[in-house]
Structure formats: structure tokens, C-alpha cells
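The structure appears right after this line, and notes come after that.
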Amino acid sequence: MHYNHTKFISKNQGNEILRDYTKSGKVRPWQEKKMGNVTYAELLEILKIKKAENVRHCGHVLEFKATDEGYLKLYKTWFCKSKLCPVCNWRRAMKNSYQTQLVVNEVIKEKPSARWLFMTLSNRNSVDGESLDTSLRELTQGFNRLMKYKKVEKNLVGFMRTTEVTVNKKNSSYNQHMHVLLCVESKFFRGADNYIPQKDWLQMWRKALKVNYEPVLNIKAIKPNSKGDKAIEAAIKETAKYSVKASDYLTNDQEKNLEVVADLEQGLYKKRMVSYGGLLKIKHKELNLDDAEDGDLVQTGDEKMSADEEKANSIMAIWNFEKQNYFLKH
């Protein structure tokens, strides 16, 4: 569904600003994310990147249904799904986090004694869009090789990995890295035959990347705790966060922003930023979850609608470009 702005002229709008709260009472940051989206669309326009107009339409008209509990549920809108769009990245991170939690719970049910590790790995920083494109490919190929090494594969139950790119403020280079949630058999921690210390991981990572420098790899065990396992939840959030932070290319320096957006658009083109492997991939499929990267961004969690809610009157909110906020349509 693609809404056309021209159909909804401002006279349809009242002066009532959209207020959308989470169940816990936090305001959902629609305005902030859409303002970022508009700036991003303007940068794409200056760069003459074709999708600029598409990005500008993203989340322009939001259709909500009011629930019995009195809060709003997003019912329909159109999302551009661009990798740098602040609106889509926000929705994607929520969806990723929710899906990973479901998948992890299923794995724990099947393998209660399995252990969890959190790994961050990267290769050398990139300097422009072309080298970012190459570095991201090398990162993914290196990771796939690492997972197939005998010593790793032997106790590997499964993984979920996400790729993130950050901009180095000092020298404007790009740091591409992966956050990986690894699930291993409990015997991984028993004996030298099974256990892999940090220095060995690093050695294998260097070999997998096929480089002659010291790349970065940090790995730590997620210690289970009795308080409902907050440690694994924190690792899931870290793994599922945005692939690119909007603050890296929406700064006060437009020239710099244009350069960063051009590089990121080139580097991230057709890259998979999220992937599952092993038992986590199987559970993702069994749970019938759609693709968090390219799937439905309206449904980001367990907000399935009841038949009554579906029938309820819609509440429409339309973005006003001049006033830079969403106003309810009357």
C-alpha cells in the first residue's frame, strides 16, 4: 500500500498531535524518527539517488486501531524499508529483538543445558563506499568460514548474527563489525578438547578472514542468572539493535552527511544484515516468523489484533511537513 500525499491535504488535519504510547506508558518516537527520515530523503535527493521520493513517503500516513485497553495499535502504513531509514530501522530493531527472544526461548526449551556466548568481531576499517562493500563481503565470508572450523562446529548449536556499521568521528572511516549470539553445547566449557580460549578464537578469525594483520574479536560467556536471565536479554538487545545509527549521518555538517550517506548506500547495497544459523535458524522457521530485514514492519511484536479491534474505527495520523509532526485526521 503506497499512500499519495497529495490526496491528503492539510485541511483534513485537525490540530491534535498524534500521541502513541507503549503499554508501559512510554511515548513512541514517531515524530523524531520521521524527522530523521525527511532529512535522509533530502540527502538522497541531493545525491540524485532514485529512491529519494519513496523514502519521503515512508510512514507518511499512519492508520491505527484503538484497543480495548485504550492504547493504539498500528494497523496500516507504507514503509520504504531502506537500510538507512530512521523509521524503518527503529521498527526493524523492535522486530529483531522480539523474534530473537522467541527463537532463543524455543532453543532453551529444547536444550536447557546449552550455554550462550556473545561475540563481536570486525576487520579493518573501510575508507569509502567501495572499500565498505568489499569489507562487508569479506566479513560475512570470514564469519561463514569461522563457523565451519572443526573446533567451532563440534559444539555449535546455532547462532544469530547482525552486522553494524559505525562512523569513526576522528578520521571518518567506517567500522563494520558483527554482533553474534552463539549457542554452544554445555561440554564446550569442559576440557581443552572442547573449550576455545579468546586467543585461539582470534587466531582462527585471522585465518578465516585471510588477513596478515590482527583483526578484532571479543567473546564472553553470558552468565545465566536467577533473575529471569537479564544477561541474555541484554545480549539479544545488543545483537538486534540498528545496523546503522542515524546520528552517524544526520549531523550538523551537511557536506559530511552527503559523503557518509553516499558511502553507506554503496556499501550496504544488497547486503544481509541479519542471519540465523543452526538450531536458531530451524526454530525461526518452525515459528513461521517472517524476514525481520525485509518483512512486515507494521507487526513488530505480539500485537496481533482481535476481530473486534479489526472492526474498530481507524484513527489516522498524517505527517505535516511544515509543522514537522503527525496530526490526527478528522
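Every number here is computed from the coordinates shown, using simple stated rules; none is lab data. All values reported here derive from a predicted model rather than from experimental measurement. Here the Cβ is made from the backbone with ideal geometry for all residues, glycine too, and neighbour counts use every protein chain on show.
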Give the relative contact order (percent, whole number) for the chain; include only Cα pairs under 8 Å separated by 6+ residues. 29
How large is Rg/Rh for the range 199-293, to two decimals, with Cα atoms and a Kirkwood Rh? 1.04
Scan around residue 60 for amide H atoms under 5 Å from its own, H built in the peptide plane at 1.01 Å from N, and keep only partners 5 or more places away or cross-chain. 78
What is the dipole size for the chain, taken about its Cα centre, with +1 at each Lys and Arg Cβ and -1 at each Asp and Glu Cβ, in debye to the nearest 20? 940
Distances over 20 Å make up what percent of all Cα-Cα pairs in the range 34-171? 67
Leaving out same-chain residues fewer than 8 places away, which lysines sit with a Cα under 19 Å from that of residue 65? 23, 26, 73, 76, 304, 311, 329
With unit charges on the beta carbon (Lys/Arg positive, Asp/Glu negative), name the residue among 307, 116, 149 whose Cα is farthest towards the positive pole of the charge dipole of the chain. 149
Over the range 178-330, calculate the relative contact order: mean separation of alpha carbon pairs under 8 Å at least 6 apart, over the residue count, as a percent. 10
Over the range 111-248, relative contact order from alpha-carbon pairs under 8 Å, at least 6 apart, %: 36
Check: in the range 115-201 the Lys pairs 8 or more apart or on separate chains whose Cα atoms fall under 21 Å apart number 9
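With a ≥ b ≥ c taken as the square roots of the eigenvalues of the C-alpha gyration tensor of the range 166-245, please select rounded if a/c is under 1.5 and otherwise prolate if a/b is larger than b/c or oblate if it is not?
Working: a/c = 3.06, a/b = 1.20, b/c = 2.56.
Oblate.
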Listing 247, 24 by rising number of other beta-carbon atoms within 10 angstrom, fewest first, gives 24, 247
Comparing 193, 296, 20 in a Gaussian network model of the chain (Cα, 10 Å), the one with the largest mean-square fluctuation is 193
Can you compute the charge dipole magnitude of the range 99-292 about its Cα centre, using +1 on each Lys and Arg Cβ and -1 on each Asp and Glu Cβ, nothing else charged? Give it in debye, rounded to the nearest 20. 1040
Rank 72, 264, 139 by mean-square fluctuation in a GNM of the chain with C-alpha springs under 10 angstrom and give only the top-ranked residue. 72
Nearest-ten-degree value, helix 198-209 long axis tilted from longest Cα axis of the chain: 70
Tell me whether the range 143-187 comes out rounded, prolate or oblate; compute the Cα gyration tensor, take square roots of the eigenvalues as a ≥ b ≥ c, and use a/c under 1.5 as the rounded threshold. prolate
Kirkwood Rh, angstrom, the range 99-292 [1 / mean 1/r, Cα pairs]: 17.7
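Can you give the calculated 222 nm mean residue ellipticity of the chain, where each DSSP H run of n ≥ 4 adds -39,500 (n - 2.57) and the sum is split over every residue, rounded to the nearest 500 deg cm²/dmol?
Dividing the helical sum by the residues of the chain leaves -12000 deg cm²/dmol.
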Unpartnered cysteines - no second Cys beta carbon under 4.7 Å - across the chain: 183
Of every Cα-Cα pair in the range 91-207, the percentage lying beyond 25 Å is 33
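Over the chain, what portion of Cα pair distances is larger than 33 Å, expressed as a whole percent?
Beyond 33 Å sits 34 percent of the P(r) for the chain.
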